[in-house]
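Enquirer: Dropping a structure here in structure tokens format, bear with me for questions.
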């Protein structure tokens, strides 16, 4: 079944875009009849190259979206456009009806950065920066301030290593600290850029389970970008699949299909299901591999 209200064109004719499914629209009614996030007709051009080509997207309160695509598909560009770091050449982004989100309304976990093991900063100091960024001038870190830090770290299971140097934590522990830093200001929306990259399957599953429990408990909407949809499948309300700046939006079983992805890539694609995992391959490629959002094995830098 095709995602509802979907419009697909050849890439040389224009963009590929979809509207949210009827179920997602119904869920957004809970927020005064509006979505928490609305992205309409977003085009982004960087250095003369069009990175995003007319993206339409809506997110209801408490929804969990997977932003899936290969390197260079435009995932980071879309997240930074929603965040307000990139100005689109056309189209609009609104969060709770505002063109610019209020401070603390959006939490952001950037792509994994390598932290020096000798970096003299404790895990809780890094989380505290998530609150410092919401205040003007030099604020006093009161007991209430540190209570907020502790609450966020406990919420992600990171309080037990709060006093350890952040650079000496494991990859999974560092990711929990970064999520706590994004969560500490009580955002309505969290954007996570490749938080599962370089994590082993067990840690990746733990992070997804953690995020799912946070959104259920706190009612926070989540958009998480990834190459591999498999760790996310059981938690996602919708998937946003990006390829060459175009997008298809809908339920996972509506989007990750041979028909839809073949139209998105403008190339024969075969979607297989084996051992509880989704596998995608180019139609003329004999080698099937677990879904990593790039059936052609492209190795492009993320735009």
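Enquirer: Do we find that residue 81 is in contact with a strand residue (DSSP E or B) (Cβ under 9 Å, 6 or more places away or on another chain), in the same structural domain as residue 39 (by TED's automatic domain parsing) and under 16 Å from residue 49 (Cβ atoms) in this structure?
Expert: Working: in contact with a strand residue (DSSP E or B) (Cβ under 9 Å, 6 or more places away or on another chain): yes; in the same structural domain as residue 39 (by TED's automatic domain parsing): yes; under 16 Å from residue 49 (Cβ atoms): yes.
Considered against the rule, which asks whether it is in contact with a strand residue (DSSP E or B) (Cβ under 9 Å, 6 or more places away or on another chain), in the same structural domain as residue 39 (by TED's automatic domain parsing) and under 16 Å from residue 49 (Cβ atoms), residue 81 comes out as yes.
Enquirer: Further, regarding this structure: Let me confirm something: among 209, 142, 170, which residue is outside the structural domain of residue 221 (by TED's automatic domain parsing), out of contact with any strand residue (DSSP E or B) (no Cβ under 9 Å at 6 or more places or on another chain), surrounded by fewer than 22 Cβ atoms within 10 Å (Cβ to Cβ) and within 30 Å of residue 70 (Cβ to Cβ)?
Expert: Working: 209 fails: outside the structural domain of residue 221 (by TED's automatic domain parsing); 142 fails: within 30 Å of residue 70 (Cβ to Cβ).
Every option except 170 fails the conditions.
Enquirer: In this structure, does residue 182 turn out to be within 19 Å of the chain's Cα centre (by Cα), crowded, with 19+ Cβ neighbours inside 10 Å and not assigned by TED's automatic domain parsing to the domain that holds residue 36? Working first, answer last.
Expert: Details: within 19 Å of the chain's Cα centre (by Cα): yes; crowded, with 19+ Cβ neighbours inside 10 Å: yes; not assigned by TED's automatic domain parsing to the domain that holds residue 36: yes.
Considered against the rule, which asks whether it is within 19 Å of the chain's Cα centre (by Cα), crowded, with 19+ Cβ neighbours inside 10 Å and not assigned by TED's automatic domain parsing to the domain that holds residue 36, residue 182 comes out as yes.
Enquirer: Right, another one. Please pick out the residue among 260, 255, 249 that is more than 17 Å from the chain's Cα centre (by Cα), crowded, with 23+ Cβ neighbours inside 10 Å and either closer than 20 Å to residue 53 by Cα or at pLDDT below 95 (or both). Spell out how you get there, then give the answer.
Expert: Values: 255 fails: more than 17 Å from the chain's Cα centre (by Cα); 249 fails: more than 17 Å from the chain's Cα centre (by Cα).
Answer to the check: 260.
The values are calculated or read from the model by the stated rules, or taken from the named source; none is laboratory data. Given the structure is predicted, the values throughout are model-derived calculations rather than measurements. Please note: Cβ atoms are built from the backbone with ideal geometry, for glycine as well, and neighbour counts cover all protein chains shown.
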